[in-house]
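**Q** Please find one structure pasted underneath; my questions will follow.
The values are calculated or read from the model by the stated rules, or taken from the named source; none is laboratory data. Source: prediction; values computed, not measured. Cβ coordinates were reconstructed from backbone atoms using ideal geometry, including for glycine residues, and neighbour counts include every protein chain displayed. Calculation scope for accessible area: heavy atoms of the full protein, side chains included, ligands and nucleic acids excluded. Shrake-Rupley method; radii C 1.70, N 1.55, O 1.52, S 1.80 Å.
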Amino acid sequence: MSSLATMLSTETGPEAEPLLSARDLTKVFHTGGQDFRAVDGVSLDVKPGKVLGIVGESGSGKSTVARMVMRLIEPSSGQIMFEGENLTAKSGEALRQTRRHMQIVFQNPHSALNPRDTIGSAIAEPFLVQTRIRGAELERRVEALLDIISLPKAFKYRYPHELSGGQKQRVCIARAVALEPRLLVLDEPTSALDVSVQAQILMFLQDLRVRLNLTYLFISHNLAVVRHLCDDVIVMSKGRIVESGSTDAVFKSPREAYTRKLIDSVPRIPRLCV
Amino acid sequence: MTALLNIDNYRLDIPTFDGVLKVLDGIDIALEQGDTLGIVGESGCGKTVLARSIMGIGPRNARRVSGHIVFDSTALDELSEADWRRVRGVKISMIFQDPMTYLNPLLTIGRQLFDVITAHYRAQGKPAPAKTDRLARCVRLLEQVQIADTQRVLKSYPHQLSGGMRQRILIAMALAGEPKLLIADEPTTALDVTIQAEILKLLRGLVDRLGLTVVMISHDVGAIAALSRRVAVMYAGTVVEQGTAKSILTRPRHPYTRGLLAALPDIEGDAQPLEAIPGTIPNLINPPSGCRFHPRCPRATAICRQEKPETRSVGADHVVACHHAFD
Amino acid sequence: MSAELQSTAVHVPTFRERHASTIRQWRLYVHLFTGSFSSMLGLALVLLFLILAAFGPMLAPYPEDTMGAVKLGQRLLAPSLAHPFGTDEMGADILSRVIVGARTSLWIGLVITGIGAGIGVPLGIIAGYKGGFVRAAIMRVTELFLAVPGLALALAIVAALGPGITNCVIALAIVWWPGYVRLVEAKTLSIKEELHVEAARALGAKTPWILRKHILPNCMTPIVVKASMDMGMAILSAASLGFIGLGAKPPHPEWGAMISVARTYMPDWWWYSAFPGLAIFLTVLGFNLLGDGLRDILDPRSRGR
């Protein structure tokens, strides 16, 4: 764990540059002779050590933004800067090296793990792909990560289908933080999970962020979760940014009608009077 | 008491290769005509199996161990498949999470709705009225689910409509037989939050106007709270707490219900830290002895391991199955 | 950290514990497979065929008859205790020749299927994963091969290379791989959309790693099923080429070639063609039933539990 703890000694001060910034990101998909602008001129800044939320309904383009930021799909235009370097200009080995520092956790843990791989090999994969760590040291790293996600060591030998959704999502998170990234993109990480498991994962993510000094870009359609976890929020609709600002400001006094409608649509639960 | 739906000590087993799943373990639910019940619980708690058993479309190899589901003074679990045809879709209807799966992508909405109406007459052995009358009924059904441009929708194919529109059409089809009971299985889970609010409002309106009785299944406490007057909380095949929504949500007595509500992030954002329920849902082949929640329960004592708690009343229309229920 | 690790290093899991889930999976497979009569029949036929192929020369009652011994005194004897399948026009025991012919058929089947899969699977994976021009090129060539009837193409190739069992196998292997490309390409297209592939890309995995660790293992089920069925089909095709005189040459004991000679002795000396024919029939049936059975247990969609 000492290896992960080294991340605590960080260099980012309060007025630091944004860890990740995107300018004018646009993605146009060509389908059946028609152009579809999934993302249209989105700019954002993720401040180091903070959580930026992107909230929107289906088709708002929020997941496409997450994938473009990760360079999993190529933006049609726009620029992405990561740690002061132009990520959009990188390719091949340079891009591969940068991937160590930014990782993604997907919505559906059931398909994000290779069904033919044991949990042990799934967690070992980042090391095998990016480092020369092998053998006993690799075993030790895998067990340390299992420890961080509070799963017994014997889970190394299990297959994904034997784990619950929450356990699988923990394994995905362990894979994502294995190489000690700076930025973690979380694409609806709790949407496929039950409420009590969602709470477990959210608490774990909050704890992990402090322990590993991570920065999150958190994508969700669940406004309550965004409100709970994020420092700043961007509201997206139909590929464009509708509103952005600090989470408290946006939720307490939304400037746009769309944001207000979104917030008002969430069913309210009578408060516990205990 | 003349409850419309009465489920009494219902137990269901499903044999699998690894052993027998004890999916439902003594369910007791009673529902009056015109009432709305929300069954809330997490995946694997048995809520969907229960809903499908009411509809007679439960898992094919399931075995009923004890109890009955009595609807409108008929024991549903003793009906033959022929008798079921006069109940399913006519007296009890169901809507589902993903409406697209239940619509034929190759036929227009009008065609499908028309066929449903015709089939209902045939099932009841009545001669179907003239074609124009049945077409008029299609339009009336769409108006009932607040679809404005009925002519366009009738001519559309399912893929041309939005998810919310498709769910409205599924509700219209469910209403075609003028059912007494509507079972809604996660009706808003696949929808965006703004559409979800509209569908819940529509269902609420149907309950008020048509005197429909609704059983809604969901993992979403918010959606349940928006529609249901009464709530049943399920955990691992048992109903742990049941009563009016107000009473259960504002004053939960069962540790599980309390844990579930504390695990919900609040959109109002008032600094209430989340609380997670430790552990995972139990394996239903070898469920925990006594109270099935005891391994995860902060209040568990020796008796919880040994004895299954009896359901007892803790207020006007509020029952709880717990040895150490909160006051 | 070291203290934590030492405490856990004490317990070394046993083989059973490490592979508990694999053992359970195999028990389920065995349970499902043994529950199906046709699967078990297929397995029995294939096992019988493999035993004959392995120990043929030892099991054959008259081993010398399989190497072209001529016993003119025993020509075309009807089935009897001494010769249960009768004898042929050279006086050779047909049972012995059928038994020894199993090895030839196994060899033919394995080589054709092996080469077919060996060429087809990598091409299919590359076509499916790479997409674009690479895919277009591979798939057009594949379709070209698929558009020509396989046996006719093989026939032309054998005619060019000259008859003989080796040329026959080469020709069939050349026409066999396109089926695998099609199968694997389609499977790869769906697997590459799965999140674990995208997750591996996000980790910075290189393409060969993704193909080897993510795509290939998840393609194996349909490949195994197809290979099993193809064993039967390859044997049948080789026998067909043997029958028209382009495959094995007498006195080499090959079922197709045996029937080819035997057809002039129909119908009076029916046993001459009937027993090699029965051997082909049962072998092909066995591999097909086995393939069906494997599909039923390996494909989760065809399994209701």
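**Q** Net charge around C:Gly164, counting only other residues with Cβ within less than 15 Å of its Cβ (Lys, Arg = +1; Asp, Glu = -1)? Please report the intermediate quantities before stating the final value.
**A** Values: positive: C:Lys249; negative: C:Glu254.
So the surrounding residues net to 0.
**Q** Can you give the net charge of the other residues whose Cβ lies under 15 Å from the Cβ of C:Phe133, counting K and R as +1 and D and E as -1?
**A** Numbers: positive: C:Lys130, C:Arg135, C:Arg140; negative: C:Glu185.
Its environment carries a net charge of +2.
**Q** Give me the percent of the accessible area of region B:199-241 that comes from carbon and sulfur atoms, probe 1.4 Å, all protein chains in place.
**A** Working: 540 of 1060 Å².
Here carbon and sulfur together make up 51 percent of the probe-accessible area.
**Q** Nearest-5 percent of antiparallel DSSP beta bridges in chain A? Provide the component values of the computation, followed by the final result.
**A** Working: 22 of 41 bridges.
Within chain A, antiparallel bridges account for around 55 percent of the total.
**Q** Whenever you get a sec, compute what percent of the accessible area on region B:70-165 sits on carbon and sulfur atoms (1.4 Å probe). Mind showing how you got there, number by number?
**A** Numbers: 2770 of 5220 Å².
Roughly 53 percent of what the probe reaches on region B:70-165 is carbon or sulfur.
**Q** Right, next: Where in region A:231-274 does accessible area fall by at least 20 Å² between the isolated chain and the complete protein assembly, at a 1.4 Å probe radius?
**A** When all protein chains are present, A:Lys261, A:Ser265, A:Val266, A:Pro267, A:Arg268, A:Ile269, A:Pro270, A:Arg271, A:Leu272, A:Cys273, A:Val274 each give up 20 Å² or more of accessible surface.
**Q** So if R0 is 22 Å, what FRET efficiency would A:Asp207 and A:Asp231 give, r being the distance between their Cβ atoms, rounded to the nearest 0.05?
**A** The formula returns an efficiency of 0.85 here.
**Q** Right, another one. Please give the per residue volume of the convex hull enclosing the alpha carbon atoms of the protein assembly as shown, rounded to a whole number of Å³. Intermediate results must be reported in sequence, preceding the final value.
**A** On the way: hull volume 212.4 nm³, N = 906.
Convex hull volume per residue, Cα atoms: 234 Å³.
**Q** Starting from the alpha-carbon convex hull of chain B, give the projected area averaged over all orientations, in nm². Please report the intermediate quantities before stating the final value.
**A** On the way: hull surface 73.3 nm².
That works out to 18.3 nm², a quarter of the Cα hull's surface.
**Q** Just the number, please: Stokes-Einstein D of chain A in µm²/s, Kirkwood Rh from C-alpha pairs, 20 °C, 1.002 mPa s.
**A** The calculation lands on 109 µm²/s.
**Q** For region C:37-302, what are the per-bin percents of Cα-Cα distances with bins 5 Å wide, up to the bin holding the maximum?
**A** Using 5 Å bins, I get a P(r) of 1, 6, 11, 14, 15, 14, 12, 9, 7, 5, 3, 2, 1, 1, 0, 0 for region C:37-302.
**Q** Which order do the peptides B:312-318, A:102-108, B:19-25, C:55-61 come out in when sorted by mean C-beta neighbours inside 10 angstrom, highest first?
**A** Values: B:312-318: 13.0, A:102-108: 24.6, B:19-25: 19.9, C:55-61: 14.9.
Going from most to least packed, we get A:102-108, B:19-25, C:55-61, B:312-318.
**Q** If you don't mind, there's one more thing I want to ask. Can you compute the charge dipole magnitude of chain B about its Cα centre, using +1 on each Lys and Arg Cβ and -1 on each Asp and Glu Cβ, nothing else charged? Give it in debye, rounded to the nearest 20. Provide the component values of the computation, followed by the final result.
**A** Details: 38 positive and 34 negative charges, 176 e Å.
It comes to approximately 840 debye.
**Q** Let me spell out the model: positive unit charges on the Cβ of Lys and Arg, negative unit charges on the Cβ of Asp and Glu, origin at the Cα centre of chain C. What dipole size does that give, in debye rounded to 20? Walk me through the intermediate numbers first.
**A** Working: 25 positive and 18 negative charges, 194 e Å.
Using Cβ point charges on Lys, Arg, Asp and Glu, chain C gives about 940 debye.
**Q** Next question, about the same structure. What is chain C's relative contact order, in percent, from Cα pairs under 8 angstrom and six or more apart in sequence? Let's see the in-between values first.
**A** Values: 432 pairs, mean separation 72.0, N = 305.
Reported as a whole number, the value is 24 percent.
**Q** Which order do the peptides A:130-141, A:202-213 take when ranked by the mean count of other beta-carbon atoms within 10 Å per residue, highest first?
**A** Values: A:130-141: 13.9, A:202-213: 16.9.
In descending order of packing, they fall as A:202-213, A:130-141.
**Q** Still on this structure: Round to the nearest 0.05 the FRET efficiency obtained for A:Glu83 and A:Leu128 when R0 = 25 Å and r is the Cβ-Cβ distance.
**A** Values: r = 25 Å, r/R0 = 0.98.
Computed FRET efficiency for A:Glu83 and A:Leu128: 0.55.
**Q** Sticking with this structure for a sec: Straight-line reach only, C-alpha to C-alpha below 29 angstrom: list the lysines that A:Lys153 could link to, leaving out same-chain residues fewer than 8 apart.
**A** Excluding near neighbours in sequence, the set is A:Lys168, C:Lys206, C:Lys213.
**Q** Please average, across the residues of B:257-264, the number of beta carbons from any other chain that are within 10 Å of each residue's own beta carbon, and give a whole number.
**A** Per residue, the number of nearby Cβ atoms from other chains is 5 on average.
**Q** Sticking with this structure for a sec: Would you work out the Kirkwood radius for region C:125-193? I mean one over the mean of 1/r across all pairs of different Cα atoms, in Å. Mind dumping the intermediate values first?
**A** Values: mean 1/r = 0.0769 Å⁻¹.
Hydrodynamic radius (Kirkwood, Cα only) of region C:125-193 equals 13.0 Å.
**Q** While we're here: Which residue, chosen from C:Phe275, C:Gly204, C:Val261, occupies the Cα position most advanced towards the positive end of the dipole of region C:180-303, where the dipole is computed from +1 (Lys, Arg) and -1 (Asp, Glu) charges on Cβ about the Cα centre?
**A** Of the options given, the answer is C:Gly204.
**Q** How long are the three semi-axes of the equivalent ellipsoid of region C:206-305, in whole Å, if each is the root of 5 times an eigenvalue of the C-alpha gyration tensor, listed from largest down?
**A** Working: eigenvalues 300, 62, 9 Å².
Equivalent ellipsoid of region C:206-305: 39, 18, 7 Å, largest first.
**Q** Rolling a 1.4 Å sphere over the protein heavy atoms, what is the accessible area per residue of the protein assembly as shown, to the nearest Å²? Let's see the in-between values first.
**A** Details: 39880 Å² over 906 residues.
Accessible area per residue, the protein assembly as shown: 44 Å².
**Q** When the accessible area of region C:37-302 is split by element with a 1.4 Å probe, what percent falls to carbon and sulfur? Could you put the intermediate results ahead of the total?
**A** Values: 8430 of 11700 Å².
It is 72 percent, rounded to a whole number.
**Q** Would you mind giving the mean number of other chain beta-carbons within 10 Å of the Cβ of each residue in C:190-200, as a whole number? Each step should come with its number before you reach the end.
**A** Numbers: counts 0, 1, 0, 1, 6, 12, 14, 3, 8, 15, 7.
Per residue, the number of nearby Cβ atoms from other chains is 6 on average.
**Q** Also, I was wondering about something else. Nearest 100 Å² is fine: what is the total accessible surface buried where chains A and C meet, probe 1.4 Å? Before the final figure, lay out the partial values.
**A** Numbers: alone 13960 and 16270 Å², together 27520 Å².
Summing both sides, the interface buries roughly 2700 Å².
**Q** What share of all Cα pairs of region C:81-237, in percent, falls into each consecutive 10 Å distance bin?
**A** In whole percents, the pair-distance histogram is 10, 31, 27, 17, 9, 4, 2, 0.
**Q** Next question, about the same structure. Do any residues of region A:196-211 lose at least 40 Å² of accessible area when the full set of protein chains is present rather than just their chain alone, and if so which, with a 1.4 Å probe?
**A** By number: A:Ser196, A:Ala199, A:Gln200, A:Met203.
**Q** Could you work out the Rg to Rh ratio of region A:87-205, with Rh taken as the Kirkwood radius (inverse of the mean 1/r over all Cα pairs)?
**A** Working: Rg = 14.3 Å, Rh = 14.8 Å.
Radius of gyration over Kirkwood radius for region A:87-205 works out to 0.97.
**Q** Just to be sure I understand: of the beta bridges DSSP finds with both ends in chain B, what percent are antiparallel, rounded to 5?
**A** Details: 31 of 50 bridges.
Restricted to chain B, the bridges split so that about 60 percent are antiparallel.
**Q** Further question on the same structure: Shielding by partners for B:82-94, please: the mean number of other protein chain Cβ atoms within 10 Å of each residue's Cβ.
**A** Details: counts 0, 0, 0, 0, 0, 0, 0, 0, 0, 0, 0, 0, 0.
The mean count of partner-chain Cβ atoms within 10 Å per residue comes to 0.
**Q** I've got another one for you. Between beta-carbons, use under 12 Å as the cut-off and find the net charge around B:Tyr256, counting Lys and Arg +1, Asp and Glu -1.
**A** Details: positive: B:Arg253, B:Arg258, B:Arg292, B:Arg296, B:Arg299; negative: B:Glu42, B:Glu241.
In short, +3.
**Q** Quick one: if the Förster radius is 51 Å, what FRET efficiency do C:Ser38 and C:Ala147 give, using the C-beta to C-beta distance and rounding to 0.05?
**A** Efficiency at R0 = 51 Å is approximately 0.95.
**Q** Right, something else. So, with +1 on the Cβ of K and R and -1 on the Cβ of D and E, and no other charges, what is the size of the charge dipole of region C:42-122 about its Cα centre, to the nearest 20 debye?
**A** On the way: 4 positive and 5 negative charges, 21 e Å.
So the magnitude is around 100 debye.
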